[in-house]
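Working notes for the structure below.
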Amino acid sequence: PFSFLTPISWQPLPASDSMVVSFPENVILFSIVVLGDITQKGYEKKRAKLLARYVPLIQGIDPSLQAEHRIPGPSQTTAMAPKQQKSRPTTSRDERFRSDVHTEAVQAALAKYKERKMPMPSKRRSVLVHSSVETYTPPDTSSASEDEGSLRRPGRLTSTPLQSHSSVEPWLERVIQGSSTSSSASSTSSHPGGRPIAAPSAAATPGAAAATALAGLEAHTHIDLHSAPPDVTTGLVEHSYFEHPQVASVRSVPRGCSGSMLETHASLSPCETADRVSSKIQQLLNTLKRPKRPPLKEFFVDDFEELLEVQQPDPNQPKPEGSETSVLRGEPLTAGVPRPPSLLATLQRWGTTQPKSPCLTALDTTGKATYTLTYGKLWSRCLKLAYTLLNKLTNKNEPLLKPGDRVALVFPNSDPVMFMVAFYGCLLAELVPVPIEVPLTRKDAGSQQVGFLLGSCGVSLALTTDACQKGLPKAQTGEVAAFKGWPPLSWLVIDGKHLAKPPKDWHPLAQDTGTGTAYIEYKTSKEGSTVGVTVSHASLLAQCQALTQACGYSEAETLTNVLDFKRDAGLWHGVLTSVMNRMHVVSVPYALMKANPLSWIQKVCYYKARAALVKSRDMHWSLLAQRGQRDVSLSSLRMLIVADGANPWSISSCDAFLNVFQSRGLRPEVICPCASSPEALTVAIRRPPDLGGPPPRKAVLSMNGLSYGVIRVDTEEKLSVLTVQDVGQVMPGANVCVVKLEGTPYLCKTDEVGEICVNSSATGTAYYGLLGITKNVFETVPVTAGGSPVFDRPFTRTGLLGFIGPDNLVFIVGKLDGLMVTGVRRHNADDVVATALAVEPMKFVYRGRIAVFSVTVLHDDRIVLVAEQRPDASEEDSFQWMSRVLQAIDSIHQVGVYCLALVPANTLPKAPLGGIHISETKQRFLEGTLHPCNVLMCPHTCVTNLPKPRQKQPEVGPASMIVGNLVAGKRIAQASGRELAHLEDSDQARKFLFLADVLQWRAHTTPDHPLFLLLNAKGTVTSTATCVQLHKRAERVAAALMEKGRLSVGDHVALVYPPGVDLIAAFYGCLYCGCVPVTVRPPHPQNLGTTLPTVKMIVEVSKSACVLTTQAVTRLLRSKEAAAAVDIRTWPTILDTDDIPKKKVASIFRPPSPDVLAYLDFSVSTTGILAGVKMSHAATSALCRSIKLQCELYPSRQIAICLDPYCGLGFALWCLCSVYSGHQSVLVPPLELESNVSLWLSAVSQYKARVTFCSYSVMEMCTKGLGAQTGVLRMKGVNLSCVRTCMVVAEERPRIALTQSFSKLFKDLGLPARAVSTTFGCRVNVAICLQGTAGPDPTTVYVDMRALRHDRVRLVERGSPHSLPLMESGKILPGVKVIIAHTETKGPLGDSHLGEIWVSSPHNATGYYTVYGEEALHADHFSARLSFGDTQTIWARTGYLGFLRRTELTDASGGRHDALYVVGSLDETLELRGMRYHPIDIETSVIRAHRSIAECAVFTWTNLLVVVVELDGLEQDALDLVALVTNVVLEEHYLVVGVVVIVDPGVIPINSRGEKQRMHLRDGFLADQLDPIYVAYNM
């Protein structure tokens, strides 16, 4: 159904009337039923016919208000057309911010908005409360992202007039059939007039609501009557783009294409795995429109090249043009009337002369009057209390209190009587009352801050009532519990029976005049800190006099008070001014208002009250409850004081209230909004006409103007306006001016919004104990543009933002506390709340409870909106509501919302009287303890100050001069290990060329020398091998291979063994008969599904002719379970070596030359590439020789190895080195540590190993598993002081945090501080660096992380911002040469420059046997040459980025030591925004963001950054992480996270070396196999 909405027409209204919204008579909705296909011409005809009757109606319409054609997807039909309600019943909404005008504006804004559909977040079912994700068709959109980092889509079709509709059909149909989902698709055909018209083609297949709708086949079009070019930035995109369903795996795409999918139309086959996830990601890309950014001229330099953009003022933004304002003077305080000298004198007078007249009536929650306090009673009880406080409280015979001491008043909202007695009792005793809220629990919102206030005020005594004291949380002793952050307090119950009667002749000293502090009122600031505003006796008196005069209070009047009597207007009117005028106050408690919102009106009626004191909330609540109440009359009221008139949204409550109650005797002029602030007390109040007030006024202001601080009465833009009413005139005796918010307090211009400042004798005097901010706030000196002070006395800042309007009326448009400054524009939290509530208020938000605040991320305020959702809201409703709120706020305020969170009903922290405690909510949001049930982040649109994407500069070409070995003025970065030639006689090296020869030689010369000891989990030796035993076992294997396997020389043999001596024997058996061994990790019996295919793949890729293994593994390979995972019929010959006959081989094979292949080393890299490298006999013995020299290995040595023996250095240490050097290896299989964590360290201690090797995963297990047990290990005699060097075998950047914590932890067991180091190897050379036993300790440097992104190294001091510690990866091995080369030009780089590490050494591998995946890219890895300089040497490229740095240390040969620092694998780096990021850096930041993040991995998909975090905590805390992860990555890396995936611990796959397998994770995510707890798609 197409829907046209005619715009709402607004009629100019007289100033005093309330706004009425009128609709045109004929609002039409019609639908076109399309069956089959319809031609363009037929469609035009039909449309013209249908519209003929309404043509005049549609012509003159502002095109921007036209709702566009929409073709809703199956699940969107209901939510699309904003519902037009007829006469809006007043019950439709709740809470503070209700405005019919605003609701209409929001609905119109939503209609104007293109329904940009967004991918709905996915939740795991256990987290879901209601409807499941499966039933939801992911929404999608036609607006493509043109963002810098977006996927440029190849399948974009823009039909031209020549291209008939049919040309689209064939492939479209293919997609629709192929995708098993249906979508209605349409293309746009542009006419010469530039008006795209929709041509719907209804192509449908069964399965309409399939959850896997492939993205982007529903293109919505937009009727636009301008012929302007399409604007791709606003989301009203006028072309339909057809997106191809994304293909699951991106492996096949060459790296250079940066992920733009190379697909043709033919490749649009259904793609089974990635459908749901990638369609959502596709939609996500569609929602990422380019942020609205003003033209940018400059940047500010953030200490480095990464420049955050600073928003420059838009030259077209509105600027104030009026003349300068002047100070506005209130009427003088009337002289002549005899004024009492003080409030206490008045109280004494009424208490003695009018003891029977009522002072205060308290009501219970049913509305019955429970107690009426008379003036006589009040006076006598105050005297008793004052006497008790001054004379009966002692502490070691000293009086507990001295005059001027502060005392806390802790009284519930339902007990005004006791509060009044306590307040005046304190004044009589010359003590300073500090009224605070009753702490209900030990963890109340903001209670710690209140404690801080009490502490800083030096409060040691709290007054309370018996009932209240009983209800306070108690400690074990029965005393009142100590609240967090509170000073120690004594509690005094002041009910009558606890007080002492003063003797007849006792009189208080009270001299309550002058500048002494009378009381302290607490105030919570925007940041959540609580300060105390001190009010002096003189101010107190002046305030009472000013209020009496302004409100025309007369003696014995009755006032109904609904406000909190402890502070603000409730205290000033209901406790202080009332006593001055002997008034009778009827106090309506909050609990009664909750039970019966009409109670205050009934009390006004019952007591014939002349005045009532309410908030707009109370008026609003009573509207909801008033139907059926016929007997109430408000004719007795002469003033209805609306205390929160400073809230711009109070106008709607006032108007609606007047509409309803005018018929019940309420006169329009009775409503008197007022504005107040804790610092300045009452700022302005509207006077009734009989007191000489001017008629009330309204202003309809442009929101856009207000956001620039400029007042523009709005005429043309109907949507984003703010209607405000005046808050009356300045108080008697006060002077008011309006000053600029920031910087010097210059007076504002007449059409500029500023902060209202007051100078009068009735303002607060200071923030208690805080001199600095007191000076700023209470002693402001406003100046004219020329800089001269405007007045002879200082002013107090009120924190209210507004301006002075006609008739000198004060208008308030917001509060400083609710101000959010994004970029150069200012927004008011209350306005944003109102817009959100106007979307679908009652349907969704629970009791209208919405908190809006800003958080600073990346140097700018970001708007966060948190709402409580109704308990019965479904996932879909929530998401629908959230996306509409985003659109409404974007439309009306032109500002993006950074984060929108929904929490369950009643979970936001409450302020004492029902409101939301904003600062506590913000605190919880930032700490990750808000526990939302739905989150939507939109960082892409809000964050407009990211640095510009980096443009790569062309580097210096080969033509640059090299002088000696300097490049660009720096030493060329090259280094080498010790020379092999000098180190030992070449004779031995020649003898040891072939390991098979070495083993025979050892078996002959030292037959009984033990080479290997294998330990099990209990630490007992399960098998050993001496030289001769190993030789004999190897012979047996060789014989079996030749006889049973019938293998010939050069055949490849897969060795599938668990770690042990069998594996070593089988390896030498293969060498003995000339076969080439390939070690393969056996499949895991519990996890055949994932581990067996890898085994099969290696066996096939290595072209193994035979598999050698044990009986147990043989059974496994042929089992039924294996058949489910792989085709078991295609295994090559499988030989088990458990009981092969004892046979000798006739002759042991001797390779014809050292360059013959010795073994193949297969390993899966972290990027998911299976690569096998060829190791020749020469390289094998050279490797062993280098390690022997570096670690000083001799037959007398013992080393402990806790590594996997399948590839890389682990394999070499386990299988090769002992045979070559003759030392004894204690073998500890890492798997055994799972059942006994201390196995490895105990073995090191038991065998007194000087040298030991482990992997990061082993080190992590020890650190986590033994952290608390070092004492127990010491008792067991574990002593690690024997260790000279403990090396972590790694192919990555050293993990400093882990090695340091390991060192610190086991220092207690004697581990030397310098022992732990790391090694570095890779596919082209398995051992490049190894610390060894000689040489200087590994050094650590700190580099600037931002420079690394630009491929530069910038050394910084430890602890400087953005610093990253890098540890040297051990010493370069003997015979190894390393150089740093530029990744693109392949030229040599200078010292401390980042580039690719190239290596040349006798033990380089000779080439890839095969690279599974990307053969072409790896061809030059083994035979690279520099493009200039030394162009002769042949190098192998490691694929790792790093740099060399000459240190001050001396190496073993006496020269300066060159340290090699590995930064990370090139294959793993993420290219984002033109910069190079290492995943580990982003992951480290993320893990720090919240304590429940156990592990994290990042990868990119299209151009989105996907962050996967493991949640170590409750599932309901999962959503707390989304915002924190997004914040930290923005702050520290200037990147916008696209998708946050929250999973269970252990989901991120890790290989045997402890490296994260990010590509496997990515494949799992795209195939929807992670079972995530929550997936958030950041818009």
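Label positions at residue 991 and residue 911, each projected 7 Å from the Cα along the C-beta direction, are separated by 9.0 nm. Here the accessible area of segment 1335-1430 is 51 percent carbon and sulfur, with a 1.4 angstrom probe and all protein chains present. Net charge dipole, segment 1275-1317: roughly 140 debye, given to the nearest 20, about the Cα centre with Cβ charges of +1 for Lys and Arg and -1 for Asp and Glu. For segment 542-574 versus segment 1200-1229, the inter-centroid distance based on Cα atoms is 88 Å. Were the residues from residue 400 through residue 368 laid out at 0.36 nm apart, the gain over their Cα-Cα distance would be 7.6 nm.
Counting only protein chain heavy atoms and rolling a 1.4 Å probe, the accessible areas of 567, 1476, 1456, 1488 rank, largest first, as 1488, 1456, 567, 1476.
A Förster radius of 51 Å, combined with the Cβ-Cβ distance separating residue 781 from residue 1334, puts the computed FRET efficiency at roughly 0.10. For segment 336-365 versus segment 443-462, the inter-centroid distance based on Cα atoms is 31 Å. Per residue, the accessible area of segment 349-490 comes to 43 Å², computed with a 1.4 Å probe over protein heavy atoms only. Of the residues 1179, 1167, 1258, the one whose Cα sits farthest toward the positive end of the charge dipole of segment 1141-1299, with +1 on the Cβ of Lys and Arg and -1 on the Cβ of Asp and Glu, is 1179. The accessible area of residue 350, taken with all protein chains in place and a 1.4 Å probe, comes to roughly 10 Å². Accessible surface calculations at 1.4 Å, restricted to protein heavy atoms, place segment 569-720 at 30 Å² per residue. Each Lys or Arg adds one and each Asp or Glu takes one away; over the other residues whose Cβ falls under 13 Å from the Cβ of residue 1214, this sums to -2. Label-to-label distance, residue 979 versus residue 1133, with points set 7 angstrom from Cα along the beta-carbon direction: 5.0 nm.
In this structure, the pairs whose alpha-carbon distance is over 29 Å, taken from 470/608; 384/910; 443/526, are 470/608; 384/910. The distance separating the Cα centre of segment 1466-1538 from that of segment 653-674 comes to 54 Å. Note on residue 1021/residue 470: beta-carbon distance plugged into 1/(1 + (r/R0)^6) with R0 of 45 Å gives a FRET efficiency of 0.05.
Solvent-accessible area per residue in segment 1142-1206 equals 34 Å², computed with a 1.4 angstrom probe and all protein chains kept. At the residue level, residue 1563 shows approximately 60 square angstrom of accessible surface with a 1.4 angstrom probe and all protein chains present.
Between residue 505 and residue 1352, the contour length at 0.36 nm per residue exceeds the Cα-Cα span by 296.2 nm.
Enumerate the residues in segment 775-803 having an amide nitrogen under 11 Å from the point lying 7 Å beyond the Cα of residue 744 toward its Cβ. Taking a point 7 Å out along Cα→Cβ of residue 744, the residues of segment 775-803 whose backbone N falls under 11 Å are 783-789. Taking all protein chains together and rolling a 1.4 Å probe, residue 1248 ends up with roughly 140 Å² accessible.
Ranked from the most accessible area to the least, with a 1.4 Å probe and all protein chains present, what is the order of 1194, 1409, 1440?
So, going from the largest accessible area down, we get 1194, 1409, 1440.
For the residue pairs 1044/1174; 377/501; 1103/1174; 1044/1120; 1188/1371, the alpha carbons lie more than 19 Å apart in 1044/1174; 1044/1120. With a 1.4 Å probe rolled over the protein heavy atoms of all chains, the accessible area of 1480, 1296 falls in the order 1480, 1296, largest first.
Here r is the Cβ-Cβ distance between residue 1491 and residue 442 and R0 is 30 Å; the resulting FRET efficiency, rounded to 0.05, is 0.90. Since only 707, 616, 684 are under comparison, the one whose Cα sits farthest along the positive direction of the charge dipole of segment 606-727, derived from C-beta charges on Lys, Arg, Asp and Glu, is 616. Here segment 716-850 is treated with +1 on each Lys and Arg Cβ and -1 on each Asp and Glu Cβ, and its dipole about the Cα centre works out to around 380 debye. Highest mean packing comes first when the peptides 897-905, 571-579, 448-456 are listed by Cβ atoms within 10 Å, giving 571-579, 897-905, 448-456. In a fully extended conformation the segment linking residue 1276 and residue 1297 would gain 4.8 nm over its present Cα-Cα distance, using 0.36 nm per residue.
The values are calculated or read from the model by the stated rules, or taken from the named source; none is laboratory data. Note that the coordinates shown come from a computational prediction; the quantities given were computed from them, not determined experimentally. A quick note on method: Cβ atoms are made from the backbone with ideal geometry, for glycine too, and the neighbour counts reach across all protein chains shown. Keep in mind that these areas ignore ligands, DNA and RNA; they rest on the heavy atoms of the full protein, side chains included. Shrake-Rupley method; radii C 1.70, N 1.55, O 1.52, S 1.80 Å.
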